[in-house]
Amino acid sequence: MRLLLVEDDKLLADGLQRALRAEGYTVDHIDRGDLVMPALETGGFELVLLDLGLPGLDGMAALRTLRQQDKQIPVIIISARDALDDRISGLDSGADDYLVKPFSAIELIARIRARLRRREAPGSEVLNVGELEIDPERFTVTRSGEPVSLSRREMSVLLQLVRHRGRVLTRDQLEQGLYGWNEDVESNALEVHIHHLRKKLGSHLIRTVRGVGYSLSGDA
């Protein structure tokens, strides 16, 4: 899961990025409200964590712009503005949740999980693909009932392919869900993850579409 963190407090932003990445999230960080829409236009984000007191454009104005452009991405406001009117205004402007600073990273992560669960169709918490059972919430995979250990990035590739069954995902689309803007990516990194998935889950699972990208096999 790729998150966009919009926070101008560098110390807080650094701490949140470490906590979120430790939980398996890919996080990109910006520190200005006027960069929110350009960032979202690059695609690939599942949720926005949005401060309100931002340079360039206030977070509330950025949120209204986002919703006016019919962006349905979930937004959790993280702000020191704790007045009831501020919280009501944030939710009425289109935020999905509002968390007042200071807060525990554990609580924030729980709220992110809850919000992302609501995006899934009812009953789809556990995904079944052939002999595989995938639980994104618990970050577990079983093959014919036997547990399979996957790295965070292997799991991310698998989930992207499963959630887009019937489509071919390009290299760029898959890498967007794996790496933040400032992370160095080796040229063959994606191929290594695909190789490991085939080795652990079956060589037939992922189909290479030469010159385009990858998709789940029609038999999966």
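Multiplying the residue separation of Arg138 and Val126 by 0.36 nm and subtracting their alpha-carbon distance yields 3.4 nm. A full extension of the chain between Met37 and Leu57 corresponds to an added length of 6.1 nm, given 0.36 nm per residue minus the alpha carbon distance. Computed from backbone phi with θ = phi - 60° and the Karplus coefficients 6.51, -1.76 and 1.60, the 3J(HN,Hα) list for segment 9-22 is 7, 4, 4, 5, 4, 4, x, 5, 4, 4, 5, 6, 5, 5 Hz; x is used for glycine and proline. Magnitude of the charge dipole for segment 40-87, about its Cα centre and with charges confined to Cβ atoms of Lys, Arg (+1) and Asp, Glu (-1), is about 80 debye. Using all C-alpha to C-alpha distances in the chain, build P(r) with 10 Å bins and read off the rounded percent in each one. So the P(r) values, bin by bin, are 7, 32, 33, 20, 8, 1.
Multiplying the residue separation of Arg118 and Leu12 by 0.36 nm and removing their Cα-Cα distance gives an extension gain of 35.5 nm. Rolling a 1.4 Å probe over the protein heavy atoms of the chain, with every protein chain left in place, gives an accessible area that is 48 percent carbon and sulfur. When its C-alpha radius of gyration is set against 2.2 N^0.38 Å (N residues), segment 1-124 gives a value of 0.98. Between Arg165 and Arg67, the modelled label-to-label distance comes to 3.5 nm, taking each label 7 Å out from Cα in the direction of the beta carbon. Using the Cβ of Gly44 as centre and a radius below 11 Å, the other residues enclosed give a net charge of -4, where K and R count +1 and D and E count -1.
Taking GluC sites (Glu not before Pro) across segment 31-139, the ones in a DSSP loop with at most 13 further Cβ atoms lying within 10 angstrom of their Cβ are Glu120, Glu125, Glu137. Of all lysines in the structure, those lying under 29 Å Cα to Cα from Lys101, and not within fewer than 8 positions of it along the same chain, are Lys10, Lys71.
In a solvent-free Debye calculation with one equal scatterer on each Cα, what is log10 I(q)/I(0) for segment 37-103 at q = 0.13, 0.25, 0.26, 0.29 Å⁻¹, listed in the order of the q values? Taking Cα atoms of segment 37-103 as identical point scatterers yields -0.32, -1.16, -1.25, -1.47. Here Lys200 is the anchor, and the aspartates and glutamates within straight C-alpha reach of less than 16 Å, apart from those fewer than 8 places off in the same chain, are Glu131, Glu133, Glu146, Glu154, Glu191. A run of the chain free of exposed loop cleavage sites, with chymotrypsin sites (Phe, Trp or Tyr not before Pro) counted only in DSSP states other than H, G, I, E and B and at most 15 other beta carbons within 10 Å, reaches its longest extent at 1-102.
The values are calculated or read from the model by the stated rules, or taken from the named source; none is laboratory data. Note that the structure is a prediction, hence the values are computed from the model and not measured. Counting neighbours? That spans all protein chains shown, and the Cβs are built from the backbone with ideal geometry, glycine included. Please note that ligands, DNA and RNA were not included when accessible areas were found on the heavy atoms of the full protein model with its side chains. Shrake-Rupley method; radii C 1.70, N 1.55, O 1.52, S 1.80 Å.
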